[in-house]
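The values are calculated or read from the model by the stated rules, or taken from the named source; none is laboratory data. All values derive from a computational prediction rather than experimental measurement. Heads up, the Cβs are rebuilt from the backbone with ideal geometry, glycines too, and the neighbour counts pull from every protein chain shown. Side chains included, ligands, DNA and RNA excluded: accessible areas come from the protein's heavy atoms. Shrake-Rupley method; radii C 1.70, N 1.55, O 1.52, S 1.80 Å.
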Amino acid sequence: MLVLRALAFFGYSMQLTKRHLWLTLLSTLIIRLLFAGFMPLTGDEMYFIEWGRHLDYGYYDHTPMVGWLLAALLHFGDAPVWLRLPQILIVTFIGWAIYRLLRDTHPKSAVMAAILFLIAPINVLGVLITTDTPLLFWSFLSALCFYRTQKDDALGWYLLTGLLLGLAFFSKFFAGLLGVAYVIYTLLYVRRGWRPWRGIGLIILGTLPFIFLNLLWNYNHCWDNYLFNLINRTEGDSFSFELPAKYLLMLIYLLSPAVVYYYIKEGRKSLHPGTGIGVFSSLFIICYSLFLLLSFWVSIGLHWLLSFYPFVFIGMASVFSATALRRTFYFMLPYSLVHVLVLAVLLVMGPGLFRDNKSIYRDLVYGFYSDRMVEMLAPYRGEYILATDSYTESAILSYRRGGVHVPVLGVGSHHARQDDMVTDFRKLEGKNILLLSYSSKLEQHRDWFDSIEIHTLSIAGTKFYYLLGRGFRYKTYHREVLERVLSDYYRIPDYLPVGRCGMFEKYGKPKKQDGG
């Protein structure tokens, strides 16, 4: 009934006006605000909040933009809605910008393209503050400037394209794919002699300050970004036909079957990039094709695709007929409403809906009830330093404790090792530590302490465990854990020059690198 009423309001003739656009802008903004308020912060979000509390010009996993953004927001509060506000407003801004971009060149399609972008499920529900938030914003603005270069061929627009691309790069390394797309587009579709290539040179020039800062940070921080993104996280990756199939299915889901169908059907006769709005169709096709090539070796995450997502809807204006736009809307609205209803039900039902799946249930309990867990452990606060054996769990507890950092004990994973920079285990010598864990096998850490006690923490029908360790033994911990961490995650190739490396300064080099 709700879907029928919505369709009736918009009208089967689909003669949409700015009134319909403003209503969509407002209604989708309200929906995102409501979900942002009711949805608990995710572990990833709380990890990035930790970045904001430790301001730097680089971080272990990625470039620093989201950390800077959160650092500014944290000065005024740490409520989930407040911290998620940039993501919420950026989607609204891009929806409005799509209309403004198209209204003069494609007046009959402008409102519909903007509405389709706003009601797409990933945008209606897109409230999480992550590295993709500033990446989406700066990539979109960079592409707008690149579009202007194809219209005006002004060198100043090329330089601004590069500066904005540099800001996108300082948000996430995937921005580099957009730069590659600019080069490929120029190679394939621009036939104006050497001048566009001078423009590409200016784009590169605009990105250089940000590339230099990233190289400088890595030079003085153990080459963490390089080791993580190109070595540690890709170890074990191999050629596969299954991964591209998974990627294509994910892409169909993200775009929606209707969008994919009409791009294939209508694009064959109407997609001529050249100059104009076809630039955006070309950019998203090039970028998603590059991801397809990458997917033969790497599992592509859904969020990897989001910074190029607005280009899909801008491109519709020059590719889709009025009938295709109308039918895409008739599919997209109920498609999105289903997602809204499912997420609403999940939030209302809470973790109990997954009680039969022990692993998922415990993760959800940790996310929903971590504030209660901190309260239950409060009696130990003065005597013990709270720690976990997981980077995600430490980030969650750090947020729940109002920004008091919760260190990680143990080797951990190759992801999210920002704690390596924050915690100095030498300073914990002789301290008492409370280690909260999913695992009941905490007896294995006995050698790290003079004495231990192991207890159970029961909450919401599931159990967690905590170790009370008195007298932390740094030398033993260094031998059993830190030497392995150095060997697994900090083996810097000989061809990379090293300025400073905090891990080496604190704990020494990996044994096989001594004297090397």
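In the full protein assembly as shown, how much of His54 is accessible to a 1.4 Å probe, in Å² to the nearest 10?
60
Just to verify a number: what accessible area does Cys501 come out at with the full protein assembly present, 1.4 Å probe, Å² rounded to tens?
The value for Cys501 is about 10 Å².
For the chain, find the longest principal axis of its Cα atoms and tell me its angle to the long axis of helix 391-400, 0 to 90°, nearest 10.
The angle comes out at about 90 degrees.
Rounded to the nearest 0.05, what FRET efficiency do Tyr495 and Asp447 have when you use their Cβ-Cβ distance and R0 = 41 Å? Don't jump to the answer; show the numbers that get you there.
On the way: r = 38 Å, r/R0 = 0.92.
Efficiency at R0 = 41 Å is approximately 0.65.
Given R₀ = 22 Å, what would the calculated FRET efficiency be for Tyr57 paired with Asp488, taking r from the Cβ atoms and rounding to 0.05?
It comes out at approximately 0.25.
Can you give the accessible area per residue of the chain, in Å², using a 1.4 Å probe?
45
Shape verdict for the stretch 361-499, please, from the Cα gyration tensor: rounded (a/c under 1.5), prolate (a/b greater than b/c) or oblate.
Here the stretch 361-499 falls in the prolate category.
Cα atoms only, the stretch 237-375: Rg and Dmax in Å?
19.5, 63
Which are the unpartnered cysteines of the chain, meaning those with no other cysteine Cβ under 4.7 Å from their Cβ?
Lacking a cysteine Cβ partner under 4.7 Å: Cys145, Cys287.
When the helix-only estimate is applied to the chain (DSSP H runs of n ≥ 4, each -39,500 (n - 2.57), divided by the residue count), what is the mean residue ellipticity at 222 nm, nearest 500 deg cm²/dmol? Kindly include the intermediate steps, with their values, before the conclusion.
Working: 22 runs with 298 residues, N = 516.
Rounded to the nearest 500, the figure is -18500 deg cm²/dmol.
For the chain, what % of the accessible area comes from carbon and sulfur atoms, probe 1.4 Å?
Here carbon and sulfur together make up 63 percent of the probe-accessible area.
Could you rank Trp138, Trp297 by how accessible they are, 1.4 Å probe, largest area first?
If we order Trp138, Trp297 from most to least accessible, we get Trp297, Trp138.
Report the accessible area of Lys427, computed with a 1.4 Å probe over the heavy atoms of all protein chains in place, in Å² rounded to the nearest 10.
We get 150 Å² for Lys427.
Grab the Cα-Cα distance for Asp152 and Leu216, subtract it from 0.36 nm times how many residues apart they are, and report the gain in nm with one decimal.
19.5 nm
With the contact rule set at Cα under 8 Å and sequence spacing of 6 or more, what percent relative contact order holds for the stretch 264-382?
Over the stretch 264-382, the number comes to 23 percent.
Loop sites only, by DSSP: take the GluC sites (Glu not before Pro) in the chain that have at most 15 other C-beta atoms within 10 Å and name the longest stretch containing none of them.
Numbers: sites that count: Glu235, Glu383, Glu429.
Value returned for the longest uninterrupted segment is 1-234.
Kindly state, to the nearest 0.05, the FRET efficiency for Ser238 paired with Arg100, given R0 = 35 Å and r defined as their beta-carbon distance.
Taking R0 as 35 Å, the efficiency between Ser238 and Arg100 is 0.15.
Using alpha carbons only, how many degrees (0 to 90, rounded to 10) separate the axis of helix 195-219 from the longest principal axis of the chain?
Tilt of helix 195-219: around 10 degrees.
Just add up the charged neighbours of Ala97: K/R +1, D/E -1, any other residue whose Cβ is under 15 Å from the Cβ of Ala97.
+3
Sort Ile204, Ile88, Ile360 by accessible area with a 1.4 Å probe, largest first.
Heavy-atom accessible area, descending, gives Ile204, Ile360, Ile88.
Give the angle, between 0 and 90 degrees and rounded to the nearest 10, that separates the Cα long axis of helix 110-119 from the longest principal axis of the Cα atoms of the chain.
It is inclined by approximately 30 degrees.
Taking a 1.4 Å probe, which of Asp224, Asp78 shows the most accessible area, and what order do the others take after it?
In descending accessible area the options line up as Asp78, Asp224.
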